[in-house]
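Visitor: My questions will all concern the structure given below.
Read-outs: derived from the displayed coordinates by stated rules, not from any lab. What you are looking at is a predicted structure, and each value in this text was computed from that prediction instead of being measured. Cβ sites come from the backbone with ideal geometry, for glycine too, and all protein chains shown count toward neighbours.
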Amino acid sequence: MQLETFGMAGLFISAFISSTIAPGGSEAVLAYLVNSRQHAVEQLVMVATVGNTLGALTTWWLGMWAAKKYPAETLLTGKQRKSLRTVRQWGSWALLFSWLPVVGDGLCFAAGWLRLSLFSSILAIFFGKALRYIAVAYAFI
């Protein structure tokens, strides 16, 4: 495998893991790859955004699955209840902030729990995460 391909694959994996309930540092990987100048910035941003969006959709799916198995809201923690209220109030628009550390995972989980439209969830998650990665990438050019 070429070093360039490994860099892109590593960015994708880092972005995916960073967007699930596991902590990660995809911004640092993106910054490193932007500084290495081996790839087009737009390509790096797209790979990171897609990986991070797919990770967030995994959390969304977990929320949907949890709602089927445990429909009672009383089972949720305080943070999860707050996320649920926020997503109920704002709908898919709340997912524009899915890039936020800790809070973003709760928003995605709540959106799945509430069974928000998958299509509108994908769009909001993707757009929010893309803006974040664009800002990070251009900060390191």
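Visitor: With label points built 7 Å along Cα→Cβ from the Cα atoms of Ile134 and Trp65, find their separation and express it in nm.
Guide: 3.3 nm
Visitor: Further, regarding this structure: Quote the FRET efficiency, to the nearest 0.05, computed for Arg115 versus Lys79 with a Förster distance R0 of 25 Å and r equal to the Cβ-Cβ distance.
Guide: So, using R0 = 25 Å, E works out to roughly 0.80.
Visitor: Here is a further query. Sort 61-69, 46-54, 103-111, 12-20 by packing, meaning the average of other beta carbons within 10 Å per residue, with the highest value first.
Guide: 103-111, 46-54, 12-20, 61-69
Visitor: Which value does Rg/Rh take for the chain over its C-alpha atoms, Rh per Kirkwood?
Guide: That ratio is 1.03, to two decimals.
Visitor: Would you kindly derive the ³J(HN,Hα) couplings of the stretch 117-132 from the backbone phi angles with the Karplus curve 6.51 cos²θ - 1.76 cosθ + 1.60 (θ = phi - 60°), listing them in order in whole Hz, with x for Gly and Pro?
Guide: Those phi angles translate into 3, 4, 4, 5, 5, 4, 4, 5, 4, 4, 4, x, 5, 4, 4, 5 Hz.
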